[in-house]
Amino acid sequence: MNETRTDPDLIASIANSENHEAWREFEAWYAPIIHAFCVSRGMAPHDADDIAQDVFIRLTQSSIATKYDPDRGRFRSYLFQVTRSVVSSSKKRIQTEYSIESFEEPSSLKDWNKAWDEECALQAIKHVEQTASAVQKSILNLSLRGSSPKVIAELHGLTIDAVYKIRQRLHASIEETTLKFQQGR
């Protein structure tokens, strides 16, 4: 997927429900955002998964897949509106009662953006890991798990300063990639 905005070709590709590769790519990015948003609004995880699937079904039925125009607005905004609509129409079907008002209040957009930003950061980490050397990947993973620079240095036969420098470069790359994802998707 394009790093700076939602790829119009990917959106067009999901119009064909048989394009499994496009759907896997699409779901890998957007399902965690929908899920996190719904859970942040008080929904049970299994119901949030159902909502995400219903959003994807709604997208296949809508004209967005064939008519998406990035110049008319962000896909992120459209997806937010579809998600709120699905939650609203699914309330009767979902056994557990959720306050539909919690999806309509101003803070719901804040929660949507928070889920979006968190997914951007996770995707940025994955992206940076794909381009990192084996030592850099190890340092990144150990750092994310809370290992101290001293322990990491000893494991890799590096100086503590070298570990700090590698972590600094990785952090800068993750921040830059996260920002690209946040601005474009």
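The values are calculated or read from the model by the stated rules, or taken from the named source; none is laboratory data. Everything numeric here is computed off the predicted structure, so don't read it as measured data. Glycine also receives a Cβ, built like all others from the backbone with ideal geometry; neighbour counts cover every protein chain displayed.
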Sole exception among (1) of a type outside the set (Phe, Trp, Tyr); (2) at pLDDT below 80; (3) crowded, with 17+ Cβ neighbours inside 10 Å; (4) assigned to a loop (DSSP other than H, G, I, E, B) for residue 93, by number: (3)
Residue match in the stretch 70-84 (condition: in a loop (DSSP other than H, G, I, E, B), surrounded by fewer than 17 Cβ atoms within 10 Å (Cβ to Cβ) and at pLDDT below 85): yes
Single residue of 137, 180, 165 found to be of a type in the set (Lys, Arg), out of contact with any His (no Cβ under 6 Å at 6 or more places or on another chain), more than 30 Å from residue 73 (Cα to Cα) and surrounded by 13 or more Cβ atoms within 10 Å (Cβ to Cβ): 137
Where residue 28 falls short, out of the listed (1) in contact with a Leu (Cβ under 7 Å, 6 or more places away or on another chain); (2) at pLDDT 85 or above: (1)
Check on residue 115, over 22 Å from residue 43 (Cβ atoms) and either at pLDDT below 90 or not in a loop (DSSP other than H, G, I, E, B) (or both): no
